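Data first, discussion second: the structure below is written as structure tokens.
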Amino acid sequence: MTRIELPESARADDNCPADLSPPLLTAYQRVASNDIHELHGAVEPLAVGHTLDALEPRRPLDGMVNGLSVGSVNLVWVRYGGSGVVVETPPTEGEFAMCAPNAPMGVEYCGNGERTVADGTLVLSHEQRMRMTPHPTRGCLVIATSTGRLADHLRDYLGRDAEAPLRFGGTGPAAAPLEIVGRTWRHVCSILDHATADGLHPLAARNLEDSLLTAVLLGLPHTATAELTEPPRRSPHHLADVIHDWIQAHYDQPIGVADMARAAGISVRHLQFVCRNRWGLTPTQLLRGVRLDQARRDLLAARPGANVVTRVAHAAGYVHMSRFSTHYRQRFGETPTQTLRRGNSAPSG
């Protein structure tokens, strides 16, 4: 078993208190255990195939695994404890997996013998076996999906299949700064950790899945990066009306940007161009505006009650009430509660 050496600052110290970083996805705990087999069994279904070996088998682990699926994207946060473990993964081939370690992590590429230390986003190799030594106590987030699902998302954006099979890696530039990946998964984890006991509304789950897929395609270099930066073609004037009419007819369903583009018979990139040209908005902003307008109509027509505003917000695809209230106030100049009260104070005909 190979241990990939880390800088002194990244190693666990028996003489110091455990540096336990706050776990992510605490509402979705799968297991807390000192059994390496139990930890492995909780991680693998949400990540990719791998083997797991303790660096010091006689020293007990103190592990935790939290995880869930958001549509086609799996999120799993894991901390192993003890003196740490070595994780070995085969080539991912048609799967996609990336690690976001919360501390420097030793990495070895078994095909060419390269060794490095990852202190940020790490994409697992499609072609090589890898060995990784995550920090024992600070935890690591793994995001996994299939390259097929990412290729579908890319097709919706381009309006056609990419020219080459989708593969990640290389040293070339991505279509957007890498920071978009970290900001997106942190935003998604924050929403998930504050979701209601009833879980996510389908609208919210779809938006989170789309956000993660988009961030991966934009923020990481891959074989279709150049195609993402091609300028869109000009569009017929009537397309804007087609788009708006379709949104008005389907706003109450769990639709996303890809559905809007598909209904109009154009790519997501073309849809973005049309919305910017006609309304000065992104497709997401346009859809949000339609849903907020409907939320206002629902509040004006509703009877006051303990959960009225919450139900209306969830129907509009919001999980965080504070975000719903902020967007609502920005659009209408008053809070949802003020609208509800004003609707019920109006004289009846």
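Counting heavy atoms of the protein chains alone, ASP152 has an accessible area of about 60 Å² for a 1.4 Å probe.
Its Cα centre serving as origin, segment 285-344 has a Cβ charge dipole (Lys and Arg +1, Asp and Glu -1) of approximately 20 debye.
Packing around the peptides 62-74, 28-40, 78-90, taken as the average count of other Cβ atoms within 10 Å per residue, puts them in this order, highest first: 78-90, 62-74, 28-40. Relative contact order of the chain, please, whole-number percent, based on alpha carbon pairs below 8 angstrom and at least 6 residues apart. Relative contact order of the chain: 13 percent.
Max-minus-min Cα coordinates of segment 168-259 on each principal axis give 44, 43, 15 Å, with the largest extent listed first.
Report, in degrees rounded to the nearest 10, the 0 to 90 angle that the Cα long axis of helix 321-332 makes with the longest principal axis of the chain. That helix lies at roughly 40 degrees to the long axis.
Taking the charge dipole of the chain about its Cα centre, with +1 at Lys and Arg Cβ atoms and -1 at Asp and Glu Cβ atoms, the residue from THR337, TYR80, SER322 reaching farthest to the positive side is THR337. Placing unit charges on each Cβ (+1 for Lys and Arg, -1 for Asp and Glu) gives the chain a dipole about its Cα centre, and among THR137, LEU220, ALA302 the Cα reaching farthest toward its positive end belongs to ALA302. Can you figure out the FRET efficiency of GLN253 with ARG341, using R₀ = 30 Å and their beta-carbon distance, to the nearest 0.05? In this case the efficiency is close to 0.55.
The computed semi-axes √(5λ) of the Cα gyration tensor in Å for the structure shown corresponds, within (1) 36, 22, 18; (2) 42, 27, 14; (3) 40, 23, 16, to (2). Rolling a 1.4 Å probe over the protein heavy atoms gives the chain an accessible area of 49 Å² per residue.
Across segment 22-144, C-alpha contacts under 8 Å between residues 6 or more apart give a mean separation that, scaled by the residue count, equals a relative contact order of 27 percent. Within segment 97-173, the proportion of C-alpha pairs whose separation exceeds 14 Å stands at 68%. A straight chain from THR51 to ARG160 at 0.36 nm per residue would run longer than the Cα-Cα distance by 35.5 nm.
Between TYR109 and LEU300, take the C-beta separation as r, use R0 = 41 Å, and let me know the FRET efficiency to the nearest 0.05. Efficiency at R0 = 41 Å is approximately 0.10.
In the elastic network of the chain, a GNM with C-alpha springs shorter than 10 Å, the most mobile of THR310, THR326, THR184 is THR326. Under the convention that each Lys and Arg Cβ holds +1 and each Asp and Glu Cβ holds -1, the size of the dipole of the chain around its Cα centre is about 1660 debye.
Per-residue extension of 0.36 nm, minus the Cα-Cα distance of ASN277 and GLU38, leaves a gain of 80.7 nm for this segment. Think of the chain as a dipole: +1 on every Lys or Arg Cβ, -1 on every Asp or Glu Cβ, centred on the Cα centre; then among LEU208, THR26, TRP185, LEU208 lies furthest on the positive end. The length gained by stretching the chain between THR284 and THR229 to full extension, at 0.36 nm per residue less their Cα-Cα distance, is 17.8 nm. Placing +1 on each Lys and Arg Cβ and -1 on each Asp and Glu Cβ, with no other charges, gives segment 22-144 a dipole about its Cα centre of roughly 300 debye.
Against the chain, whose longest principal axis comes from its Cα atoms, helix 268-279 is set at around 40 degrees. Here the relative contact order of segment 138-256, from alpha carbon pairs under 8 Å that lie six or more residues apart, stands at 36 percent.
The values are calculated or read from the model by the stated rules, or taken from the named source; none is laboratory data. Quantities reported herein were computed from a predicted structural model and do not represent experimental measurements. Note: ideal-geometry Cβ built from the backbone for every residue, glycine included; neighbour counts use all protein chains shown. Heavy atoms of the whole protein, side chains included, go into the accessibility calculation; ligands, DNA and RNA do not. Shrake-Rupley method; radii C 1.70, N 1.55, O 1.52, S 1.80 Å.
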